[in-house]
Amino acid sequence: MKLFGLLSIFLAVSAFAQEPLVFESQQQQDRFNQLTQELRCVVCQNQNLADSDAPLAHDLRDEVYAMLQTGKSNEEIKQFLVQRYGDFVLYRPPVQTNTYLLWLAPLLILLGGAWVLRSNIKKRTALLGDDNNTA
């Protein structure tokens, strides 16, 4: 029974094992590493392709590898993935009219928080001022 359990674990692990990728040069491997760091796994919670263990991330890494092998440029590879999955696949999507909110949201939240803080401080100082005048 223990042997059967051990064998089934071994088979499950080997089913997910991938062949190591062989690159023609260190430059090509560096490009692959850079691309997989810059591209987002579309099914994970904010993980890049390099760090994700999702089956789709494995497929996308294989796709990036195959396109590198055929001589595609980084921009061609990114453009292919954007056409397929949209700007979400890029960690740094381009600034366009449909991504303004994405780029401006942190600033708007910061400004909103500063406004709320300022309003609360004004109210408290006004209340403290009224308390000092009535005493």
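Here are some notes:
- Being exposed (fewer than 10 other Cβ atoms within 10 Å of the Cβ) and of a type outside the set (A, V, I, L, M, F, W, C) is a property that Gln83 has.
- Unmet requirement for Ile109, which otherwise passes all of (1) hydrophobic (A, V, I, L, M, F, W, C); (2) more than 18 Å from the chain's Cα centre (by Cα); (3) part of a loop (DSSP other than H, G, I, E, B): (3)
FYI, it's all coordinate maths here, none of it is from the lab. Remember, predicted model here, so these are calculated numbers, not experimental data. As a convention, Cβ positions derive from the backbone with ideal geometry for all residues, glycine included, and neighbour counts pool all protein chains shown.
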